[in-house]
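A.B. asks: I am attaching a structure below and will ask some questions about it afterwards.
Here, each number is a calculation from the coordinates, and none is a lab measurement. Please read these numbers as outputs of a predicted model, since none were measured by experiment. Note: ideal-geometry Cβ built from the backbone for every residue, glycine included; neighbour counts use all protein chains shown.
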Amino acid sequence: MSALLLIETSTRLCSVAVAIDGVVVAEHEELDPKGYRHAEALNPMIQNALSDAGLRVRDLSGIAAAHGPGSYTGLRIGLAAAKGLALPWGIPCYGVDSLELIAEAVREAVPSELPIWSAMDARRSEVYSAWFHPDGVRSSDDLPEVIEPTWAERPAALAGGDGVEKVLEHWPKLQDSGVRYARARHALAGALRAT
């Protein structure tokens, strides 16, 4: 049996999932509109997800957590929890790119043949972004990008992430999937590739 704990804390959504043999069997999440509560919420969510799956930490065969880009504090909380659980039990730990999680969320929400553009708000007039083929395979590195008038010439794409809203007026061919945040379950594909 392969049991994976999946953690996503790179955005305002704090999310945990447990997958057994490649199937998500338990999920817990919290989105606090007032800000980040990851430090308070994450450990109880992990305990509840493991309990829902009928597992203990020592039963896990791996732990995967989003490693960025994203909220510096949120990422530290998620990665510290993953390492803190993994080290005492000798459980392998895997990092999954946050933009890849968003691409998986977009694929789940809106099946399309368009390339996927994942974008996270980097403040000011910037986004962190990456391109993915419609099947979810990455086609670019993570890029910090400054939003510019030349974006009007960019090709059609399906987009997700909390950076999308700030670019829509500059990129007419961009289709908004409506996905703003990925959930921990979206780390499963990356975690399975890493194991």
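A.B. asks: Of the options Trp89, Pro134, Ala119, report the single residue whose Cα projects farthest towards the positive end of the charge dipole of the stretch 1-142 (beta-carbon charges: Lys, Arg +1; Asp, Glu -1).
C.D. replies: Trp89
A.B. asks: Then there's this: Pairs of Cα atoms under 8 Å, at least six residues apart: use those to get the relative contact order of the stretch 109-195, whole percent.
C.D. replies: 26 percent
A.B. asks: Nothing charged except the Cβ atoms of Lys and Arg (+1) and of Asp and Glu (-1): what's the magnitude of the dipole of the stretch 99-176 about its Cα centre? Round to the nearest 20 debye.
C.D. replies: Here the stretch 99-176 has a charge dipole of around 120 debye.
A.B. asks: Springs between alpha-carbon pairs under 10 angstrom, Gaussian network model over the chain: which of Ile116, Ile46, Ile91 fluctuates most?
C.D. replies: Per the Cα network of the chain with a 10 Å cutoff, Ile91 tops the list.
A.B. asks: For Val24, Val146, what ranking results if the residue with the fewest other Cβ atoms within 10 Å of its Cβ goes first?
C.D. replies: Neighbour counts put them in this order, fewest first: Val146, Val24.
A.B. asks: Hull surface divided by four, with the convex hull built on the Cα atoms of the stretch 99-176: how many nm²?
C.D. replies: 4.4 nm²
A.B. asks: If each residue's Cβ is checked for other Cβ atoms within 10 Å, how do Leu114, Leu50 rank with the fewest at the top?
C.D. replies: Least crowded to most crowded, the residues run Leu114, Leu50.
A.B. asks: Hey, fewest Cβ within 10 Å first, where do His28, His38, His170 land in order?
C.D. replies: His170, His28, His38
A.B. asks: Right, here's the next one. Students often forget the sequence filter, so: which lysines lie under 27 Å Cα-Cα from Lys34 once same-chain residues fewer than 8 apart are removed?
C.D. replies: Candidates past the 8-residue exclusion: Lys166.
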